[in-house]
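Enquirer: Pasting a structure here, questions to come.
The values are calculated or read from the model by the stated rules, or taken from the named source; none is laboratory data. What you see is a predicted model, and the numbers here were worked out from it, not measured in a lab. Methodologically, a virtual Cβ is constructed for each residue, glycine included, from the backbone with ideal geometry; neighbour enumeration extends over all protein chains shown.
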Amino acid sequence: MLWESSVLLQLALSGLLAGALYALLACGLNLVFGVMGVINLAHGELMIAGAFLSWLAYRYIDLHPLVVLPLVMGLLYGFGVLLQRWLIERLTGRDELTSLLVTYGLSILLMNLGLLLFSADFRSVPVLQGGFYLSSLDLVISKPRAVAGAISLALTLGIFGFLRYHRMGKAIRAVSEQPEVAMICGIDVAKVRQMTFGIAAAMAGAAGVLLSILYSFSPETGGEFLLKCFAVLVIGGMGNFLGALLGGLLLGLVEAFVGGFFNVQWAEAVAYLLLVLVLLLRPGGLLGQRHAVF
Amino acid sequence: MSAPPLLHLQQLDASYGPIQVLFSVQLEVQPGEIVALIGPNGAGKSTVIKSIIGLVRVLRGQIRLAGREITGMATHHAPLHGIGYVPQGRILFARMTVRENLEMGAFLQQDPRERRRLVEEVLDQFPQLAARAQVLAGHLSGGEQQMLAIGRSLMMRPKLLMLDEPSLGLSPKYVDQIFAQLLVLRDQGHTLLMVEQNAARALEIADRGYVLELGRNRFADRASALLENEAVRRLYLGGV
C-alpha cells in the first residue's frame with residue numbers, strides 16, 4: 001500500500017514543501033557566512049522572533065500571519081542592519097572562534113529574553129485549516145504546508161534572483177569575493193554588509209512567520225532548527241546559495257519518506273545521517289566549492 | 001610645468017600598521033602624462049598608490065587631486081574623485097562574468113541604461129573581452145584578466161588611472177600588449193600613474209619617472225633621462 005504512486009507523490013510533495021522552509025532559513029545563514037565569514041549561531045533565534053511576532057499579532061490584534069509577514073520581514077531587516085552595524089561588523093576579519101562565541105552569546109541572550117517574555121510554553125497560530133485536494137493527482141496537501149512551502153520557495157528564489165541580477169545583489173557578491181576591490185569600485189562595503197545581514201535576518205523572520213502556521217514552537221525551538229540548518233549547509237556546500245536550497249529540499253524530502261516508511265522519530269535523526277553520508281562521499285557538499293557562490 | 005598638477009603628493013608619511021613605510025615622499029603627475037614609479041622591492045611603491053586611495057594610513061603630508069585635498073579619503077570614494085585603480089595581481093571578481101566585473105566598475109552609476117552603455121564602450125575598446133563577456137573572470141587568461149582589470153578601472157572615466165605592477169606575472173607577449181594598451185590610453189588623453197617592477201619597460205613608455213628607495217624619493221626626472229642616468233642604470237635597470 002505504501003508503494004502506491006499516490007502515496008509516494010504525497011510524501012514527495014509534502015517533503016519538498018517542508019524542505020522549502022529549511023532552505024529559506026539555511027540560505028540566510030549561508031549568505032551571512034559567504035559575505036562576512038561569520039557563522040551566525042543566533043540565526044535560529046531570529047526565526048523564533050519572527051514566529052512570536054506572528055503569534056502576538058494573531059493573538060492580540062487578530063492579524064493574519066500572511067498579512068504580518070512583510071511587516072516582520074521589514075522589522076527583522078532593520079534589526080539585522082543594526083546588529084551588523086553595532087556587533088557583527090567588529091567581527092569581520094577576526095577568527096571564526098570569536099564570531100562563534102559572540103553569536104552564541106547573542107543566541108543565548110535572545111532565547112532567554114524569549115523565555116522571560118513568553119515562558120517555555122509551546123504556541124501555535126492555528127490559521128489555514130484543512131487541505132487542498134488535487135483531484136487530478138488524487139492527493140491532499142495540508143493548507144498551511146502548501147502556503148508556507150510555496151512562500152518559502154518564492155522568497156528563496158527571489159533572493160537568489162536579487163543576488164544574481166540586481167545591482168545591489170551583485171555588489172553583495174562582489175564584497176563576498178574581494179572586499180578591498182569592491183571598495184575601489186565605489187561600493188561602501190560596510191553598508192553592503194549591513195544590507196546582507198538585514199536580508200538574512202528578514203529571511204529568518206519570514207521563516208519564523210511561516211513556521212508559526214506549521215508547527216508549535218517555543219523560544220527554544222530555534223536551536224533545533226539551526227542544527228538542521230547546519231546539516232543543510234554542509235549537505236549543500238558551505239557558502240553556496242543554490243546548494244543550501246538543494247540541501248533544504250533534499251532534507252525535507254528524506255525526512256518525509258523516512259517519516260512515512262519508518263517513523264517520525266527516525267525522521268528527526270535523518271538529517272544527521274544524511275550529513276555523515278555527504279561528508280563521507282562528498283566532503284565539499286553536493287554543490288561544494290571552496291568559496292562562496294551565489 | 002605651469003599647469004597645476006593633477007596629482008600632488010607633498011611630504012607624505014604613511015604606515016602599514018605600526019611600521020612607517022613612506023618618508024616625506026614628493027610626487028607630481030601632470031594631466032595627460034604617464035608617470036612611472038620604480039624602485040627595488042620594499043621601496044614603498046605600492047604603498048604610495050595605496051595611501052592615495054585610502055588603503056594605507058597617511059601619517060603626515062598632503063595629497064591633492066586637481067588642487068583639492070583628498071588626504072585619507074574613504075576608499076569607496078575613489079571613483080567619485082575620479083581615481084581609477086588597477087590592483088596588483090589584477091584582482092577580479094573571479095566568480096562573476098566579465099560583463100559583471102565591468103558593471104561593478106560602474107557601480108556608482110545608478111541608471112542601468114547608462115551603466116550598460118559604459119560597459120559597451122569599454123567592451124568596444126577591448127574586443128578581446130567583448131568576445132568573452134559572459135565568461136567567468138576566473139576563467140580568463142592572465143593577459144585577458146589584466147585587460148579586464150584595466151577595463152573595470154576605466155568604467156567611471158577616471159581623471160587619474162593608477163596601476164600597481166601591471167606586468168607582474170604576465171608572459172612577454174602579454175606584457176607587450178598591456179604596455180601598448182597603456183600608450184593607447186595616454187593618447188586618448190588619460191593620465192597614468194604606474195608602479196612597475198619592470199623598470200626599463202616602464203620608463204620606455206613613461207614621460208617621467210620617480211625612483212623610490214626605502215620609502216624615500218631617490219631620483220625624479222624625465223623618463224628618457226632616467227634611462228640614461230648612470231646610477232639609475234646600475235642600481236635599478238640591471239645595466240652597466
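Enquirer: Quick test for you: out of A:Ser216, A:Ser142, pick the one residue that is more than 29 Å from A:Leu109 (Cα to Cα), among the polar types (S, T, N, Q) and at pLDDT below 95.
Expert: The match here is A:Ser142.
Enquirer: Filter segment A:179-207 down to residues that are within 11 Å of another protein chain (Cβ to nearest Cβ) and under 13 Å from the mean Cα position of the chain (by Cα), then give me how many there are.
Expert: Qualifying residue count for the region: 0.
Enquirer: Limited to segment B:50-59, what total is found for residues that are away from chain A (no Cβ under 11 Å) and either surrounded by 24 or more Cβ atoms within 10 Å (Cβ to Cβ) or in contact with a helix residue (DSSP H, G or I) (Cβ under 8 Å, 6 or more places away or on another chain) (or both)? Step through it out loud before you land on a result.
Expert: Just the residues of segment B:50-59 that are away from chain A (no Cβ under 11 Å), to begin with: B:51-52, B:56-59.
When the remaining residues are screened for being either surrounded by 24 or more Cβ atoms within 10 Å (Cβ to Cβ) or in contact with a helix residue (DSSP H, G or I) (Cβ under 8 Å, 6 or more places away or on another chain) (or both), the result is B:51-52, B:56-58.
Number of matching residues: 5.
Enquirer: Another question, then. Assess whether B:Gly138 counts as being among the small types (Gly, Ala, Ser) and either surrounded by fewer than 22 Cβ atoms within 10 Å (Cβ to Cβ) or out of contact with any Ser or Thr (no Cβ under 8 Å at 6 or more places or on another chain) (or both).
Expert: The answer is yes for B:Gly138.
Enquirer: Scan segment B:108-135 residue by residue and report those that are surrounded by 15 or more Cβ atoms within 10 Å (Cβ to Cβ), free of Cβ contacts under 8 Å to residues at least 40 places away in the same chain and at the interface with another protein chain (Cβ under 10 Å from one of its Cβ atoms).
Expert: B:Arg115
Enquirer: As an exercise: evaluate A:Pro65 against (1) crowded, with 24+ Cβ neighbours inside 10 Å; (2) within 22 Å of A:Leu83 (Cβ to Cβ); (3) of a type outside the set (A, V, I, L, M, F, W, C) and give the number of the one condition it does not meet.
Expert: Here A:Pro65 meets the rest and fails (2).
Enquirer: Taking A:Ser176 and the conditions (1) at pLDDT 95 or above; (2) within 14 Å of chain B (Cβ to nearest Cβ); (3) part of a helix (DSSP H, G or I), which numbered condition does it fall short on, given that it satisfies the others?
Expert: Going through (1) at pLDDT 95 or above; (2) within 14 Å of chain B (Cβ to nearest Cβ); (3) part of a helix (DSSP H, G or I) one by one, A:Ser176 breaks only (1).
Enquirer: If we scan segment B:98-107, do we find a residue that is within 14 Å of chain A (Cβ to nearest Cβ), among the β-branched types (Val, Ile, Thr) and more than 18 Å from the chain's Cα centre (by Cα)?
Expert: Looking only at segment B:98-107, we keep the residues that are within 14 Å of chain A (Cβ to nearest Cβ), and these are B:98-107.
Narrowing further to those that are among the β-branched types (Val, Ile, Thr): B:98.
Add one more test, that the residue is more than 18 Å from the chain's Cα centre (by Cα), and what stays is B:98.
Looking through segment B:98-107, at least one residue is within 14 Å of chain A (Cβ to nearest Cβ), among the β-branched types (Val, Ile, Thr) and more than 18 Å from the chain's Cα centre (by Cα).
Enquirer: Looking only at segment B:198-228, how many residues end up being acidic (Asp, Glu) and not in a helix (DSSP H, G or I)?
Expert: Qualifying residue count for the region: 3.
Enquirer: Which condition from (1) buried (at least 21 other Cβ atoms within 10 Å of the Cβ); (2) under 12 Å from the mean Cα position of the chain (by Cα) is the one that B:Pro158 breaks?
Expert: (1)
Enquirer: I've got another one for you. Can you pull out the residues in segment B:1-56 that are among the polar types (S, T, N, Q) and assigned to a strand (DSSP E or B)?
Expert: B:Gln10, B:Gln11, B:Ser15, B:Gln20, B:Ser24, B:Gln26
Enquirer: Another question, if that's okay. Run A:Asn240 past the list (1) surrounded by fewer than 18 Cβ atoms within 10 Å (Cβ to Cβ); (2) more than 23 Å from A:Phe122 (Cβ to Cβ) and report the number of the one that doesn't hold.
Expert: Only one criterion is unmet by A:Asn240, namely (1).
Enquirer: I would also like to ask the following. Go over the candidates B:Gly82, B:Gly39, B:Gly61 one by one and state the one that is more than 30 Å from B:Arg233 (Cα to Cα), in contact with an Asp or Glu (Cβ under 6 Å, 6 or more places away or on another chain) and not polar (S, T, N, Q).
Expert: Result: B:Gly61 is the single residue among B:Gly82, B:Gly39, B:Gly61 that is more than 30 Å from B:Arg233 (Cα to Cα), in contact with an Asp or Glu (Cβ under 6 Å, 6 or more places away or on another chain) and not polar (S, T, N, Q).
Enquirer: I'm trying to understand the selection: among the residues of segment A:218-239, which are assigned to a loop (DSSP other than H, G, I, E, B) and not hydroxyl-bearing (Ser, Thr, Tyr)?
Expert: A:Pro219, A:Glu220, A:Gly237, A:Met238, A:Gly239
Enquirer: How do the pairs read when you match residues in segment B:72-84 that are more than 7 Å from every other protein chain (Cβ to nearest Cβ) and within 18 Å of B:Gln62 (Cα to Cα) with residues anywhere that are surrounded by 16 or more Cβ atoms within 10 Å (Cβ to Cβ) and among the small types (Gly, Ala, Ser), using Cβ under 7 Å and keeping only pairs 6 or more apart or on different chains?
Expert: If the second residue must be surrounded by 16 or more Cβ atoms within 10 Å (Cβ to Cβ) and among the small types (Gly, Ala, Ser), the pairs left are B:Gly72/B:Gly54; B:Met73/B:Gly54; B:Ala74/B:Gly54.
Enquirer: I'm trying to understand the selection: among the residues of segment A:193-212, which are surrounded by fewer than 24 Cβ atoms within 10 Å (Cβ to Cβ) and either among the aliphatic types (A, V, I, L, M) or under 16 Å from A:Thr156 (Cβ atoms) (or both)?
Expert: A:Met195
Enquirer: For B:Asn41, are the conditions met, namely being out of contact with any strand residue (DSSP E or B) (no Cβ under 9 Å at 6 or more places or on another chain), under 24 Å from B:Arg186 (Cα atoms) and of a type outside the set (Val, Ile, Thr)?
Expert: no
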